[in-house]
Amino acid sequence: VALLVGQLSGASSLRGLVEQLDVQSRRLYHLGLKPVRKSTLADANQKRSTLVYYMLFFRLLSRLARQKGLREVITQVQLIDSTTISLCQSRYQWAHFRKNKSGVKIHTVYDPNADTPIYFEITDARVSDGRAISQLSVF
């Protein structure tokens with residue numbers, strides 16, 4: 001439940017999630033939770049099978065399909081991917097990536113129904129996919 005709260009609230013780290021939960025500590029019992037520590041979440045992440053998330057995804061997808069109709073759900077699917085391109089540091093100092101490397105990242109939104117990319121953005125290679133996606137104007 002805590003990890004689902006983190007996903008839905010956009011928590012960017014376990015520490016951030018724990019802080020969000022701490023702010024709402026008096027209300028956690030509504031979700032069946034007690035105060036959570038970061039180390040407990042880290043341990044759970046390490047030991048928990050990804051099957052939990054797989055099953056949750058398909059349960060939510062089937063609920064959405066019942067509410068909106070499968071055809072509408074399928075047409076709303078967009079794929080998001082990014083590719084990091086390494087660049088020569090001596091020629092592209094502006095694209096600082098690591099100590100001895102330069103680079104940029106291309107974040108792409110792809111519409112599988114149209115079989116084509118519908119949006120892309122080039123960022124500094126250090127920009128995470130999550131941060132770039134949250135700033136995409138398509139969403």
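The values are calculated or read from the model by the stated rules, or taken from the named source; none is laboratory data. Model, not experiment: these values are computed from the prediction. Methodologically, a virtual Cβ is constructed for each residue, glycine included, from the backbone with ideal geometry; neighbour enumeration extends over all protein chains shown. Note: accessible area is taken over every heavy atom of the protein model, side chains too, but ligands, DNA and RNA are not part of it. Shrake-Rupley method; radii C 1.70, N 1.55, O 1.52, S 1.80 Å.
Comparison of ARG71, ARG98, ARG63 shows that the only residue that is open to solvent by 100 Å² or more (accessible area, probe 1.4 Å) and within 30 Å of SER25 (Cα to Cα) is ARG63. Is the stretch 29-47 home to any residue that is hydrophobic (A, V, I, L, M, F, W, C), touching a strand residue (DSSP E or B) at 6+ places or on another chain (Cβ under 9 Å), at pLDDT 85 or above and at negative phi? Among the residues of the stretch 29-47, not one is hydrophobic (A, V, I, L, M, F, W, C), touching a strand residue (DSSP E or B) at 6+ places or on another chain (Cβ under 9 Å), at pLDDT 85 or above and at negative phi, which makes the answer no. Taking every residue in the stretch 115-128 that is farther than 18 Å from SER102 by Cβ and in a strand (DSSP E or B) and pairing it with any residue that is aromatic (Phe, Trp, Tyr) and open to solvent by 50 Å² or more (accessible area, probe 1.4 Å), at least 6 positions away or on another chain, the pairs with Cβ-Cβ distances below 6 Å are PRO117/TYR110.
Scanning the stretch 20-43 for any residue that is part of a strand (DSSP E or B) and small (Gly, Ala, Ser) turns up nothing. Among the residues of this structure, PHE120 does not count as one that is at pLDDT 80 or above, aromatic (Phe, Trp, Tyr) and open to solvent by less than 50 Å² (accessible area, probe 1.4 Å). Condition check for VAL109 on (1) in a strand (DSSP E or B); (2) open to solvent by 70 Å² or more (accessible area, probe 1.4 Å): one failure, at (2).
One line per residue, one yes/no per condition, for (1) surrounded by 12 or more Cβ atoms within 10 Å (Cβ to Cβ); (2) among the hydroxyl-bearing types (Ser, Thr, Tyr); (3) under 24 Å from PHE57 (Cβ atoms):
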position	(1), (2), (3)
SER12	yes, yes, yes
LEU17	yes, no, yes
GLN20	yes, no, yes
SER25	yes, yes, no
LEU31	yes, no, yes
ASP43	no, no, yes
